[in-house]
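Just so you know, all these numbers are worked out from the coordinates, no wet-lab data involved. Here the structure is a predicted model, which is why all the values come from computation and not from measurement. Cβ atoms come from the backbone with ideal geometry, glycine included; neighbour counts cover every protein chain shown.
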Amino acid sequence: MNPLLDVERLSLGIRRGKAYLSVVDAIGFQIQTGEMVGILGESGCGKTLTALALMGLLPPGVRITGGAIRFMGRDLLNLSERERCAIRGNEISMVFQEPMSSLNPVLTIGRQIGEPLVLHGRKNKRLIHREVLDMMDKLGLPEPAKLITAYPHQLSGGMRQRVMLALAMMCKPKLLIADEATTALDLSTQAQILRLLERINRDLGASILFISHDLALIRRLCDRVLVMYAGKILEEGTVEAVFSNPLHEYTKGLIGSIPQQERKGKPLLSIPGTVPSLDEKPPGCPFAPRCGKASAPCLVRFPDPLQVTPGHQVCCVTPEGETNG
Ligand SMILES: Nc1ncnc2c1ncn2[C@@H]1O[C@H](COP(=O)(O)OP(=O)(O)OP(=O)(O)O)[C@@H](O)[C@H]1O
Ligand SMILES: [Mg+2]
């Protein structure tokens, strides 16, 4: 069966003078229908730009420098802007970290949730109103009839994010991208949003690309995880495989830095060093300068993905040694 989304050697560049500096470098991954996939990585590694490239919404000064994005077999990079618009919001939609900046302060919640239907050509106001209530109900938003007449500033951050999810789901997209959608929320609200995403996946059948630098959230929600660092995917596998048997030193470092009950009172383990800036990325593995196990080849060439068990792959020259040690 064809994957829902197929990203092949996608590269993105940021304009610096006349040149483009590589920010995302030949990444590839697939999302199957109904799957929940997480992208995990430190700040600045290219997660949001990758998501924006999938949406066809890259900011000025950032462009696709290579590769392909196929969605349901269609080549998204060779569509007209009109065809692209028909897909955006309708078949792929996205929610961001700060819902307040995506909501219009002077329009009611109901009007905004119904907006995607209007944008995609629906006219009958009564039917739109009914569908808005129906979606709010499906997603378990409390008191839809009251909420529909409220304005964004009257709602809590968690409630605004629920509204954004209802809005994103109005046209029943097949893929929902959630970019740090729970980051600004307190723990109990975070848990509610995760349950909502599970519901969207289970009841509405949408695949979800969940972007976060929070390992625990990805572990709880996703089926599979892509570990990203400085524009590269270093490791990929089921959540179970990657968290129980991390193969890349970077993944091990991230997992080692989760605060754990038994480490209470002791300092957090973290990876020494910092993410390289765009101008100083090394030619080989971008993690090599911070990797305790790096050897000469790591500094020269980025290794091809090595499949270690079915579906669990890593880009590292010495992953097996690590699994034994
Ligand atoms: N519009 C832009 N113009 C120029 N550079 C940008 C732009 N957006 C992002 N960048 C740079 O591209 C790199 C990747 O950014 P991106 O936002 O994709 O990171 P991220 O992985 O989403 O990080 P975070 O976890 O902080 O959200 C960063 O170095 C960032 O400074
Ligand atoms: Mg981001």
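Things worth noting here:
- For the chain, radius of gyration divided by Kirkwood radius, i.e. Rg to Rh on alpha-carbons: 0.99
- Note on the chain: dipole from Cβ charges, positive end direction compared against ASN124, LEU299, ALA53; the farthest Cα belongs to ASN124.
- Summed over qualifying helices (DSSP H, 4 residues or more, each -39500 (n - 2.57)) and divided by its residue number, the chain shows a 222 nm mean residue ellipticity of -9500 deg cm²/dmol.
- The largest-to-smallest principal axis extents of the Cα set in segment 26-111 are 41, 34, 33 Å.
- Taken about its Cα centre, segment 1-98 carries a charge dipole of roughly 440 debye when the Cβ of each Lys and Arg holds +1 and the Cβ of each Asp and Glu holds -1.
- Length-normalised contact order of segment 78-163 in % [C-alpha pairs under 8 Å, at least 6 apart]: 39 percent
- Nonlocal amide H pairs with ILE208, under 5 Å, H built at 1.01 Å: GLU35, MET36, VAL37, LEU176
- Each label point was placed 7 Å from the Cα along the Cα-to-Cβ direction; for ASN78 and THR108 their separation is 4.7 nm.
- Mean sequence separation of contacting Cα pairs (under 8 Å, at least six apart), scaled by the length of the chain, corresponds to a relative contact order of 20 percent.
- Available extension along the chain between LEU204 and GLU131 is 24.9 nm, counting 0.36 nm per residue and deducting the alpha carbon span.
- Among residues other than ALA184 with Cβ under 14 Å from its Cβ, the summed charge is -3 (Lys and Arg +1, Asp and Glu -1).
- Counting neighbouring Cβ atoms within 10 Å and putting the fewest first, the residues THR182, THR65 line up as THR65, THR182.
- In the elastic network of the chain, a GNM with C-alpha springs shorter than 10 Å, the most mobile of GLN154, GLN190, GLN97 is GLN154.
- Among ARG162, ARG219, ARG82: highest mean-square fluctuation, GNM of the chain, C-alpha pairs under 10 Å: ARG82
- For segment 79-94, backbone phi angles converted through the Karplus equation (6.51, -1.76, 1.60; θ = phi - 60°) give residue-by-residue couplings of 9, 6, 4, 5, 5, 4, 4, 5, 7, 5, x, 7, 10, 10, 9, 9 Hz, Gly and Pro being listed as x.
- Cα-Cα pairs of segment 90-229 separated by more than 25 Å (percent): 22 percent
- Under the simplified labelling scheme, the ARG301-ALA145 pair shows an inter-label distance of 6.9 nm, with each label point 7 Å from Cα along Cα→Cβ.
- Comparing GLY28, ILE255, LEU165 along the charge dipole axis of the chain, the residue lying farthest to the positive side is LEU165, per the Cβ-charge model.
- Under the span-like rule (Cα at least 20 Å along the axis, Kyte-Doolittle mean at least -0.5), DSSP H helices of the chain: 187-204
- Among SER156, SER11, sorting on how many other beta-carbon atoms sit within 10 Å of each Cβ, with the fewest leading, yields SER156, SER11.
- GNM flexibility winner over the chain from PRO59, PRO144, PRO276 (Cα, springs under 10 Å): PRO59
- Normalised contact order of segment 5-136, rounded percent, pairs of Cα under 8 Å and 6 or more residues apart: 23 percent
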